[in-house]
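Student: I am attaching a structure below and will ask some questions about it afterwards.
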């Protein structure tokens, strides 16, 4: 039903939405540690969007498939455009600690992985599925990185290294 191009465009949009959310939250943060973490997360989302942009589809589309891709692109973009996916901006903006930011970020990444796994069923081409699986692995590696940062937090001082 969808092509890899559709999925790639949605992946880029999700990353851009995440970047925007982190940047907006960083502007209202009054804690320098939290602001720094939010800006770092925004940069990670920006890098993911760039990486996803560099991925190429694996096959040429015939005119009918191109038309389906256009319809699919519009449908999927309408689903996620302007929506921070499941990233709760209000919670992010009200975060009182780096630990809160990390937990919200991990939750967002996990939700994104689940969404991409759901989309796998809509790809007919095995090579396109492999590309989406690469995206999923990249998101999962981001979760691992965030979890490692979370493990490094010393509760009393709430810093990444005390």
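Quick note: the coordinates plus some simple rules give every number you see, no bench work behind them. Values in this document were obtained by computation on a predicted structure and should not be read as measured data.
Student: In nm, what is the difference between 0.36 nm times the number of residues separating residue 140 and residue 33 and their Cα-Cα distance?
Tutor: 36.1 nm
Student: Still on this structure, I have one more. In whole Å and largest first, what semi-axes does the C-alpha gyration tensor of the range 97-145 yield when each eigenvalue is scaled by 5 and square-rooted?
Tutor: 26, 10, 4
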